[in-house]
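The structure appears right after this line, and notes come after that.
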Amino acid sequence: MADPQQLKNDQRRDWDAAATGWKKWWPLLERSAQHVNDRLIELAGVGPGARVLDIATGNGEPALTAARKVGSNGHVIATDQSPGMLAIARERAASSGIANIEFREVDGEALTLPERDFDAIVCRWGLMFMPDVKGALVGIRERLRVGGRLATAVWSTADKMPLTTIGTEAVRKIAGLPPPPPDALGPLRLADETMMRGMFAAAGFKDLTVERLAVTFEFDSAADFAQFRVDVAAPFRVLLDSQPAAIRSRIIEAVIEGAGAHAVANGRIRTVNETVCYAATR
């Protein structure tokens, strides 16, 4: 793996670059993912008055869901390494009138927070982008009170993740790209349940539970899906920008064609994906 700090710098740049796209698409995505937010809050045992930490909150979830749950006597701290994504989360909180939440720019692997003894910590689709997942889990456990709960969601295997895999192989061939290395910080990096169980155990967690949820994202058309990919996936956009016009067109066409395999009524694209939720106790 490349230098971890350089990887984090690159990710921060990419997430900031994609923030405008996430601001455009979050309403569609969060409508489809709200049940995941709700389940993570349940698995973490979040209730009224709880103190909750959300790591890698992105556009603000499941932090905003947690803030509604804990009520006026509770408090949520939502962290992310991307200022651009945090700006979206702050806007969402303000527009919803949620005041019992604060947002901080913090590296999820180095939790430089004075607060400790959280009742619950949640992390939705963030662990896979951390170079040192084992170290991150150790640090997360140390921030929980004894008996506190961690609940996190990661994505499943490639065959159950059309959202991220549609057109991938065709695009790679058109652009002449090699396959990514096995340890690349991609969304499917933590799909191996056995590996995840081992890391939770090594970090000292107990009472681990694992469950799988379907997450269905729908788009108006195959072209709409391709635009989503351009808007929210900074590396994909960088790839497009580096290619001549003819190759760019072929790449977009390949994504549109791949998305077409998931068409339902009226040409809408429906991708049924699988997320894996892990929950454990300190």
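The values are calculated or read from the model by the stated rules, or taken from the named source; none is laboratory data. Quick caveat, the model's predicted, so the values are computed rather than measured. Don't worry about glycine lacking a Cβ; one is built from the backbone with ideal geometry, like all the others, and counts go over all protein chains shown. Ligands, DNA and RNA are excluded from the accessible area calculation, which covers all protein heavy atoms including side chains. Shrake-Rupley method; radii C 1.70, N 1.55, O 1.52, S 1.80 Å.
What the table shows:
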item: When residues of the range 144-166 are limited to those that are open to solvent by 40 Å² or more (accessible area, probe 1.4 Å) and among the aliphatic types (A, V, I, L, M), the one modelled with the highest pLDDT; result: 146
item: Residue among 251, 247 that alone is farther than 26 Å from residue 136 by Cβ and open to solvent by less than 30 Å² (accessible area, probe 1.4 Å); result: 251
item: In the range 254-271, the residues that are of a type in the set (Gly, Ala, Ser), part of a helix (DSSP H, G or I) and open to solvent by 50 Å² or more (accessible area, probe 1.4 Å); result: 265
item: Members of the range 44-88 found to be surrounded by 21 or more Cβ atoms within 10 Å (Cβ to Cβ), within 21 Å of residue 9 (Cβ to Cβ) and of a type in the set (Gly, Ala, Ser), listed by number; result: 56, 58, 82
item: Residue satisfying condition, being assigned to a helix (DSSP H, G or I), of a type outside the set (Gly, Ala, Ser) and farther than 19 Å from residue 162 by Cα, within set 248, 237; result: 248
item: Pairs with Cβ under 8 Å, 6+ apart, first in the range 206-220 and small (Gly, Ala, Ser), second open to solvent by 60 Å² or more (accessible area, probe 1.4 Å); result: 214/272
item: Qualifying positions in the range 169-185 - buried (at least 16 other Cβ atoms within 10 Å of the Cβ), out of contact with any Phe, Trp or Tyr (no Cβ under 7 Å at 6 or more places or on another chain) and either in contact (Cβ under 8 Å) with a residue 24 or more places away in the chain or of a type in the set (S, T, N, Q) (or both); result: 170, 171, 174, 175
item: Top-ranked residue of the range 180-212 - restricted to ones that are in contact with a helix residue (DSSP H, G or I) (Cβ under 6 Å, 6 or more places away or on another chain), closer than 20 Å to residue 165 by Cβ and not charged (D, E, K, R), ranked as modelled with the lowest pLDDT; result: 185
item: Residue that is surrounded by the fewest Cβ atoms within 10 Å (Cβ to Cβ), among those in the range 91-122 that are free of Cβ contacts under 8 Å to residues at least 60 places away in the same chain and closer than 11 Å to residue 57 by Cα; result: 105
item: Single condition residue 136 does not satisfy, out of (1) buried (at least 18 other Cβ atoms within 10 Å of the Cβ); (2) within 19 Å of the chain's Cα centre (by Cα); (3) in a strand (DSSP E or B); result: (3)
item: Test result for residue 189, within 21 Å of the chain's Cα centre (by Cα), more than 20 Å from residue 36 (Cβ to Cβ) and either in contact (Cβ under 8 Å) with a residue 60 or more places away in the chain or surrounded by 13 or more Cβ atoms within 10 Å (Cβ to Cβ) (or both); result: no
